[in-house]
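Asker: Before anything else, here's the structure in question.
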Amino acid sequence: IPLWNNLFFSGTPLISDPQSGFFYIPNILFLLFPIDFAFIISIFLHGVVGGLGMYFLTKKGFGFSKFAALATGILYIMWPKAVGLVEAGHFGLLNCLAWVPFSILSTVMLSKSPSFKWSAIFAICQTFIFFNYIIFFAITLASNILIFLYNIFFKKTNYKKSAVFLCLGLLLTFGLSAITLLPQLTWIPQTTRSLL
């Protein structure tokens, strides 16, 4: 695995770059297809995944009717902000939007009926968000913790079991993202990012 990309500036670290996308599994499309076509496929697939995620979040997580959940999923796909992200070239943010509904759904389900399945879904979604845009990851993680705490304190669920499975999800997230998180942490003193 190359650790250094010599094509940008005087060279830049590849793995420790927070937005390299090197380990983001859906980026395999760019190895299989021409780049222009891969972008189109990726945008389409991420839109479909985001719409399905919003459908399941509103149907299963929030208890919407089937019609309302379907409408919400379709509106999420056609959200003008997502189109604006494509136009502006913020491809990583668009990728994040596909995984946010599933991340929130897993958090809601961890507070309602905790299981390893929801911990794994939480970890995979959070890791995919981390591999695309680290600030979006921090915002999503903080939001998920607030959603979890709200459900625990106001919905009166079994907080001990839920907390154990949320911690398991956080631990899995750390394990899945460690391949780039740890190099990023060692790279921080050598950059000016801390000044930002």
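Asker: Please work out if Phe102 is touching a residue at least 60 places away in the same chain (Cβ under 8 Å) and within 27 Å of Phe23 (Cα to Cα).
Answerer: Numbers: touching a residue at least 60 places away in the same chain (Cβ under 8 Å): no; within 27 Å of Phe23 (Cα to Cα): yes.
No; evaluated as a whole, the condition is false for this residue.
Asker: Which of (1) among the β-branched types (Val, Ile, Thr); (2) modelled with pLDDT under 95; (3) under 21 Å from Lys155 (Cα atoms) is the odd one out, the single condition Thr58 does not satisfy?
Answerer: The one condition Thr58 does not meet is (2).
Asker: Can you find even one residue in the range 11-24 that is open to solvent by 80 Å² or more (accessible area, probe 1.4 Å) and touching a residue at least 24 places away in the same chain (Cβ under 8 Å)? Working first, answer last.
Answerer: Taking the range 11-24 as the starting set, the residues that turn out to be open to solvent by 80 Å² or more (accessible area, probe 1.4 Å) are 19, 22.
Then drop every residue that is not touching a residue at least 24 places away in the same chain (Cβ under 8 Å), which leaves 19, 22.
Yes, that holds for at least one residue.
Asker: For the range 25-53, give me the residue count where each residue is surrounded by 17 or more Cβ atoms within 10 Å (Cβ to Cβ) and assigned to a loop (DSSP other than H, G, I, E, B).
Answerer: Going through the range 25-53 one residue at a time, the tally reaches 0.
Asker: If you don't mind, there's one more thing I want to ask. Show the residue pairs meeting these rules: Cβ distance below 8 Å; 6+ apart or different chains; first residue within the range 54-67 and open to solvent by less than 80 Å² (accessible area, probe 1.4 Å); second residue assigned to a loop (DSSP other than H, G, I, E, B) and not charged (D, E, K, R).
Answerer: Filtered contacts from the range 54-67: Thr58/Phe64.
Asker: Kindly provide the set of residues from the range 123-133 that are touching a helix residue (DSSP H, G or I) at 6+ places or on another chain (Cβ under 6 Å) and closer than 24 Å to His90 by Cβ, ordered by number. Before you say what the answer is, go through the steps one by one.
Answerer: Looking only at the range 123-133, we keep the residues that are touching a helix residue (DSSP H, G or I) at 6+ places or on another chain (Cβ under 6 Å), and these are 123, 125-130, 132-133.
The answer is Cys125, Gln126, Thr127, Phe128, Ile129, Phe130, Asn132, Tyr133.
Asker: Return only the number of the condition from (1) closer than 22 Å to Thr107 by Cα; (2) touching a helix residue (DSSP H, G or I) at 6+ places or on another chain (Cβ under 6 Å) that Phe30 does not satisfy.
Answerer: With respect to (1) closer than 22 Å to Thr107 by Cα; (2) touching a helix residue (DSSP H, G or I) at 6+ places or on another chain (Cβ under 6 Å), Phe30 is out only on (1).
Asker: Ok, one more. Select from the range 143-176 the residues that are touching a residue at least 24 places away in the same chain (Cβ under 8 Å), part of a loop (DSSP other than H, G, I, E, B) and open to solvent by 50 Å² or more (accessible area, probe 1.4 Å) and list them in ascending order.
Answerer: Asn158
Asker: What is the residue count in the range 122-137 for residues that are part of a helix (DSSP H, G or I) and crowded, with 21+ Cβ neighbours inside 10 Å? Steps first, answer last, please.
Answerer: First pass over the range 122-137, keeping only residues part of a helix (DSSP H, G or I): 122-132, 134-137.
Narrowing the set further to residues that are crowded, with 21+ Cβ neighbours inside 10 Å leaves 122-123, 125-132, 137.
Count: 11.
Asker: Output the residue which, of all residues in the range 68-113 that are hydrophobic (A, V, I, L, M, F, W, C) and not in a helix (DSSP H, G or I), is surrounded by the most Cβ atoms within 10 Å (Cβ to Cβ). Spell out the reasoning first.
Answerer: Just the residues of the range 68-113 that are hydrophobic (A, V, I, L, M, F, W, C), to begin with: 68-71, 74-75, 77-79, 82-83, 85-86, 88, 91, 93-94, 96-100, 102, 104-105, 108-110.
Now restrict to residues that are not in a helix (DSSP H, G or I): 78-79.
Details: Met78: 11, Trp79: 15.
Taking the candidates together, the pick is Trp79.
Asker: Which number in (1) under 24 Å from Gly63 (Cβ atoms); (2) open to solvent by 30 Å² or more (accessible area, probe 1.4 Å); (3) β-branched (Val, Ile, Thr) marks the one condition that Thr140 misses?
Answerer: (2)
The values are calculated or read from the model by the stated rules, or taken from the named source; none is laboratory data. Just so you know, these numbers come straight off a predicted model, no measurement behind them. Cβ: placed from backbone, ideal geometry, glycine included. Neighbour counts: every protein chain shown. Heavy atoms of the whole protein, side chains included, go into the accessibility calculation; ligands, DNA and RNA do not. Shrake-Rupley method; radii C 1.70, N 1.55, O 1.52, S 1.80 Å.
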